[in-house]
Structures are given as C-alpha cells and as structure tokens.
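K.L.:
Please find one structure pasted underneath; my questions will follow.
Just so you know, all these numbers are worked out from the coordinates, no wet-lab data involved. Because the structure is predicted, anything quoted here is derived from the model rather than measured. Every residue, glycine as well, gets a Cβ built from its backbone with ideal geometry; the counts of neighbours run over all protein chains shown.
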Amino acid sequence: MGNIKLVVLDLDGTVVKYGGRWHCSWDAIGDACGRKEEHDKLCDYYYSRKDKYDEWLRKNAELLVGIKISDMGRLIFPPPYVDGVKDTVRFVKDKDCICGLLSSGVDFVADRVKSDLNLDFSVANRLDVADGAFTGTAKTIVNLWDKDKKLVELANKFNVPLSQVLFIGDHENDISAMDVCGHSIAFCPKTNEVRDVADASFDCWHKIREYIENEFFE
C-alpha cells in the first residue's frame with residue numbers, strides 16, 4: 001500500500017493507439033500527410049541511433065511543411081482513446097491526484113488529449129505552426145530516451161516527491177521514467193523488459209483502474 005499524488009501518463013500506445021507499428025501520433029501524422037514510406041524509413045534509420053533524436057525530430061517535421069493544421073485535425077481527430085482510459089483518468093482526478101501527459105509524441109495531439117480528458121498538463125514535442133500551417137520545424141521538449149529527466153521536472157513543479165508519483169507507459173523508452181518514480185504500471189508492454197521493470201502489468205485500463213483503487217485508495 002502506497003500513496004500517490006501525481007499520475008503521469010505516456011500518450012502513444014498507452015492513452016491513444018493509432019495505426020502503424022508504433023501506434024503513435026507520429027505514425028498517424030505521417031500517414032495522413034501521405035508520407036508514410038518516408039516516415040517509416042526515418043524510423044528505421046533513427047530509432048537505434050539514440051544520440052540523433054533531435055535530428056530525427058527535425059526530419060519528421062520537414063515532412064509536414066505547409067500542411068494546414070485544420071486539415072490534419074480532420075484526418076486524425078478525434079484521438080483513438082484506449083477503452084477504459086477516460087474512466088481511469090476521472091477516477092484518479094476525483095481522488096485529487098494531479099494527472100497529465102508526458103510524451104515524446106506531438107503537442108498537436110497531446111494538447112487535444114489534455115483538453116478532451118481535462119488533464120492538468122501535457123508535455124510533448126512541439127511542431128511549429130505559422131499562419132495555420134506546419135512550418136516544417138520542431139523543438140525537442142521530451143527526448144525519446146530521457147523521459148526520466150522530464151518526469152523529475154514535473155514532480156518538482158507540482159511539489160510532489162518522486163515516491164508519490166505513478167507513471168504508466170508501454171514501451172522501452174518509458175523505462176527510464178519507471179526507474180525514477182515510486183510506482184509504475186506497464187500497459188500492454190511492448191517488451192519483456194518493460195513488464196519486468198514495472199510494479200504491475202495489465203492488458204486493459206479497467207484492470208489498471210481496479211489496481212490503482214485497491215493499491216492506493218482502499
């Protein structure tokens with residue numbers, strides 16, 4: 001039995017699941033703009049090159065230059081929420097927990113999810129926009145492999161000790177965040193390592209909600 005005050009959620013593959021091999025907002029945007037083949041080639045080249053993440057982000061952004069955000073919104077929204085996630089978010093917020101997103105995905109999607117789910121924050125990489133269209137440039141806010149640093153910043157911002165932070169994620173890039181916080185859950189973990197690092201692992205959000213209630217609030 002523990003105590004949690006801050007619940008930090010991974011976005012892609014955890015809260016929302018788009019098509020594509022990563023089930024992520026980058027996949028959805030690459031497909032929607034008709035650049036899937038180029039997007040996938042970038043993934044193949046950069047995923048294992050952890051020191052080149054900023055370059056990968058820039059290359060992804062360049063695929064979007066000139067595309068209107070309104071057109072993109074019509075193609076990929078509403079976000080495809082995983083069944084049960086909305087109920088779980090309402091539950092933890094009703095328990096006076098701070099709850100939000102920490103994602104190496106796209107702010108364009110993360111901010112929409114924040115609004116839809118009435119979350120307290122969303123931290124994600126920024127796609128630059130001018131005159132209603134993507135400029136083809138971006139800024140790294142959350143490095144794919146350094147989520148732990150941003151999670152610590154969030155805990156400090158909200159004045160919550162790491163021992164009272166719960167992180168929920170699915171992929172190997174979430175392991176660093178799981179390692180630094182007091183509590184962690186793997187949702188449909190993509191690798192055995194993610195499953196082993198997390199305190200608990202579930203294949204549906206209804207089970208996650210039940211676990212949180214029993215573990216932290218009974």
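K.L.:
I want the local charge near Thr88. Using Cβ-Cβ distances under 12 Å, sum +1 for each Lys or Arg and -1 for each Asp or Glu among the other residues.
P.N.:
Numbers: positive: Lys86, Arg90, Lys93, Lys95, Lys207, Arg209; negative: Asp83, Asp87, Asp94, Glu210, Glu213.
Charge balance in the 12 Å sphere: +1.
K.L.:
What number, rounded to the nearest 500 deg cm²/dmol, is the helix-based mean residue ellipticity at 222 nm of the chain, given -39500 (n - 2.57) per DSSP H run of at least four residues and division by all its residues?
P.N.:
Computed mean residue ellipticity for the chain: -12000 deg cm²/dmol.
K.L.:
Put +1 on the Cβ of each Lys and Arg and -1 on the Cβ of each Asp and Glu in segment 6-216; which of Val7, Leu119, Ala138 then has its Cα farthest toward the positive end of the dipole?
P.N.:
The residue sitting farthest along the positive end of the dipole is Ala138.
K.L.:
Restricting to bridges with both residues inside segment 6-216, how much of the DSSP beta-bridge set is antiparallel, in percent to the nearest 5?
P.N.:
Details: 6 of 26 bridges.
Of the beta bridges lying entirely in segment 6-216, close to 25 percent run antiparallel.
K.L.:
Considering the alpha-carbon set of the chain alone, what are its Rg and its Dmax in angstrom?
P.N.:
That works out to 16.8, 52 Å for Rg and Dmax.
K.L.:
Given axes a ≥ b ≥ c from the Cα gyration tensor, I'd like to know whether segment 1-91 is rounded (a/c under 1.5), prolate (a/b larger than b/c) or oblate.
P.N.:
Oblate shape, in that a/c is at least 1.5 and b/c is the bigger or equal ratio.
K.L.:
With the cut-off at 24 Å, tell me which of the pairs Lys41/Lys86; Lys5/Lys157; Lys17/Lys41; Lys68/Lys93; Lys5/Lys50 have Cα atoms farther apart than that. Present the calculation step by step, with values, prior to reporting the outcome.
P.N.:
Details: Lys41/Lys86 34 Å; Lys5/Lys157 13 Å; Lys17/Lys41 21 Å; Lys68/Lys93 34 Å; Lys5/Lys50 32 Å.
Pairs exceeding the cut-off: Lys41/Lys86; Lys68/Lys93; Lys5/Lys50.
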